[in-house]
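First the structure, in the form of structure tokens, and then the observations on it.
Readers should treat all values here as calculations from the given coordinates under stated rules, not as data from a laboratory. On a predicted model such as this, the values are computed, not experimentally measured, just so you know.
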Amino acid sequence: MTYFLNFAGIIARFATVIIESDDFMLHLQNGIALGLNTIFMIQFAMYWNNTDTKTAPADTPKKKASVYDKVNASKNTKRAKIE
């Protein structure tokens, strides 16, 4: 709902700027904003009922744990014991 209201506001702002102003940069800025928000709303509508989930194949090798991952795992274990 919020996205739709935002999109409606962008359309109203663009119409107002076109009618009231002669500044090219202002027209350009609002035109770009309207274009990008239009792309967003099209994607929103296209993927609204998408139920496909992407999963990795079962035969994909696991990533090796790095030193950083091991250090963070040990810190999390110590925190769990303290709490």
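Structure data summary
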read-out	value
Average Cα contact separation per residue, the stretch 1-49, under 8 Å, 6 or more apart, as relative contact order %	43
Over the stretch 1-49 - Rg/Rh using Cα atoms and the Kirkwood inverse-distance radius	1.07
